[in-house]
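Enquirer: What follows is a structure written as structure tokens; I'll ask about it next.
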Amino acid sequence: MIAVCAAVACLPAGVFLSAGNKKTMAQADTHHTDSFKGVLREQRFTAYPAIDSGQAPNPVEVSYPQEQLWFLSQFEPANVAYNVPLAWKLAGCLDIEVLEQCLREVVRRHEALRTSFPLVSGKPMQYANPADDFRLRIVDLRTLPQVRRQAECDRLVAEEARNPFNLSSGPVFRALVLRCADHDQIQIGRAHV
């Protein structure tokens, strides 16, 4: 069963596809929220085995659409049209080490997030880089005066959104945490699609 999970609800994807109106969605949400809370109370979690990637050889030929995107990135390297920036404001205590471990695990499981496209014999190829190369960048703004902190935060978010990816060397996924106060952070994630 494919499910869409949120902080307090876990709804089967079919609910979103079959729900005709808000009332139907609300009823489904109530039913599934109660079920989800019961699972949390009983701590019944199913451990699924890791999916073996099959260890494709490196490098691998690019597909035609990948080659087109690679060409566009070479033709106009500063273009950020295919970049997806996301930012979250995180309030409360944040364990940076745990966040980095979690993101590293996501990168380890998804080759697409650690793939680069170097030239091999004059042709772009896909190369899955090691997951250990991922680093969470942290910028601590807590030492700045309060009046400068928000402006610097805004500047860094905008700068990160404008910063293009180098598809030849990678990575095609980056993450950044801006520490604004002891219990106030902004996490920025960016991927090239």
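Enquirer: As a test of understanding, state the convex hull volume per residue of the stretch 49-193 from its alpha carbons, in Å³. Present the calculation step by step, with values, prior to reporting the outcome.
Expert: Details: hull volume 17.8 nm³, N = 145.
Measuring per residue, one finds 123 Å³ for the Cα hull of the stretch 49-193.
Enquirer: Expressed as a fraction of 2.2 N^0.38 Å, the rule-of-thumb size for a compact globular protein of N residues, what is the C-alpha radius of gyration of the stretch 85-165?
Expert: Numbers: Rg = 16.7 Å, N = 81, 2.2 N^0.38 = 11.7 Å.
Normalised Rg, Cα atoms only: 1.43.
Enquirer: Around residue 129, which amide H atoms from residues at least 5 apart in sequence, or from another chain, sit under 5 Å from its own amide H, with H modelled in the peptide plane?
Expert: Long-range HN contacts for residue 129: 115, 116.
Enquirer: Taking only C-alpha pairs under 8 Å that are 6+ residues apart, what is the relative contact order of the stretch 65-146 in percent?
Expert: Values: 43 pairs, mean separation 18.5, N = 82.
Relative contact order for the stretch 65-146 comes out at 23 percent.
Enquirer: Sorted by accessible area with a 1.4 angstrom probe, largest first, how do 70, 88 fall? Mind showing how you got there, number by number?
Expert: Working: 70 35, 88 115 Å².
Accessible-area ranking of 70, 88, largest first: 88, 70.
Enquirer: Normalised radius of gyration for the stretch 63-118, please: alpha carbon Rg relative to 2.2 N^0.38 Å, two decimal places. Working shown, then result.
Expert: Working: Rg = 15.7 Å, N = 56, 2.2 N^0.38 = 10.2 Å.
Output field value: 1.55.
Enquirer: Follow-up question, since we're still on this one. Multiplying the sequence separation of residue 74 and residue 183 by 0.36 nm and subtracting their Cα-Cα distance, what value in nm do you get?
Expert: Values: separation 109, 0.36 × 109 = 39.24 nm, distance 4.11 nm.
Gain on stretching residue 74 to residue 183: 35.1 nm.
Enquirer: Right, something else. Mind checking the full-extension length gain between residue 143 and residue 67? Use 0.36 nm per residue of separation minus the Cα-Cα distance, one decimal, nm. Walk me through the numbers on the way to the answer.
Expert: Details: separation 76, 0.36 × 76 = 27.36 nm, distance 4.48 nm.
Stretched out fully, the residue 143 to residue 67 stretch lengthens by 22.9 nm.
Enquirer: Using a 1.4 angstrom probe on heavy atoms only, work out the carbon and sulfur share of the accessible area of the stretch 65-105 in %. Show your work: numbers first, answer last.
Expert: Values: 1890 of 2990 Å².
It is 63 percent, rounded to a whole number.
The values are calculated or read from the model by the stated rules, or taken from the named source; none is laboratory data. None of these values were measured; they are calculated from a predicted model. Ligands, DNA and RNA are stripped out before the accessible areas are found, and what is left, the full protein with its side chains, is counted by its heavy atoms. Shrake-Rupley method; radii C 1.70, N 1.55, O 1.52, S 1.80 Å.
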